[in-house]
Each structure stands twice: as C-alpha cells, then as structure tokens.
Amino acid sequence: MQENLLIGFVVIWLGLTVGSVMLFQRGNDVAKKRRLWPIYTVFSNVVIGGFIIFMQPPTAWMISILILLIPVTLLTIRSTKFCDSCGQASRSPFFMKPPQVCSHCKKPL
C-alpha cells in the first residue's frame, strides 16, 4: 500500500513539473498564467503536505512544517508576477513585496 502511495506522489510530482514547464515557462498567454498560478501553487503544496504526512515525522515536526506551508504558499503566490510584454514570471527574492519590473525584459509589471 505505501509503495503504491509513494509511486502516486512521484507520478503527480513529475506531472506537476512537466505541466509547470509547459505552462509557465513557455508560451505568452499571460492571462492564463495569472489565472492558473494560484491553483498550481496551492495544489503543489498540498502534494508536498501529503508527502510530509506520508513520511510520518514526529507529530510536532509534522504540524510545524504543515503550518509553515500556509504562509509560504500565500507569499509565493503574492511574490510572483507575469510580465505583459514577454510573458515570463518574475519573482521577488525575499517574498516581502511583489516585483516592480520584469526580471527578463526590465519593463514595468
């Protein structure tokens, strides 16, 4: 049972990786990227949370890590913006505020 669950996690994670590259690293449909980014981020962090639960660390550690995933998810969504000009993602390095200019083409976001 646990081997099947682990294989399921690996397959989902590989699917998320391929989907991320195809959707967010390629193409110029900025509206689609903006719409799907929060969904993708939440889903991928739910998969990470499921994997943490699967690994069964000590309860205090598990709860701490799962609670930490919530602000990390929200800050990741907040600190990632997509450029209207080139369609690439720009991220703020310290999550404190969203980027103001595109890190690729240097145009304002």
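The residues of the stretch 11-52 that are in contact (Cβ under 8 Å) with a residue 40 or more places away in the chain and either of a type in the set (V, I, T) or touching a helix residue (DSSP H, G or I) at 6+ places or on another chain (Cβ under 8 Å) (or both), listed by number, are F24, G27, V30, K33, W37, G50, F51.
Of everything listed in (1) without any contact (Cβ under 8 Å) to a residue 24 or more places away in the chain; (2) under 24 Å from I12 (Cα atoms); (3) surrounded by 13 or more Cβ atoms within 10 Å (Cβ to Cβ); (4) not charged (D, E, K, R), the single unmet condition for M55 is (3).
Just one of the numbered conditions (1) farther than 18 Å from T17 by Cα; (2) in a helix (DSSP H, G or I); (3) without any contact (Cβ under 8 Å) to a residue 12 or more places away in the chain; (4) within 17 Å of the chain's Cα centre (by Cα) is not true of M62: (4). On inspection, W13 qualifies as surrounded by 13 or more Cβ atoms within 10 Å (Cβ to Cβ), aromatic (F, W, Y), under 22 Å from I70 (Cβ atoms) and modelled with pLDDT under 90.
Restricting attention to the stretch 76-101, the residues that are of a type outside the set (D, E, K, R), under 15 Å from K33 (Cα atoms) and assigned to a loop (DSSP other than H, G, I, E, B) add up to 6.
The values are calculated or read from the model by the stated rules, or taken from the named source; none is laboratory data. None of the values given here were measured: they were computed from a predicted structure. Cβ: placed from backbone, ideal geometry, glycine included. Neighbour counts: every protein chain shown.
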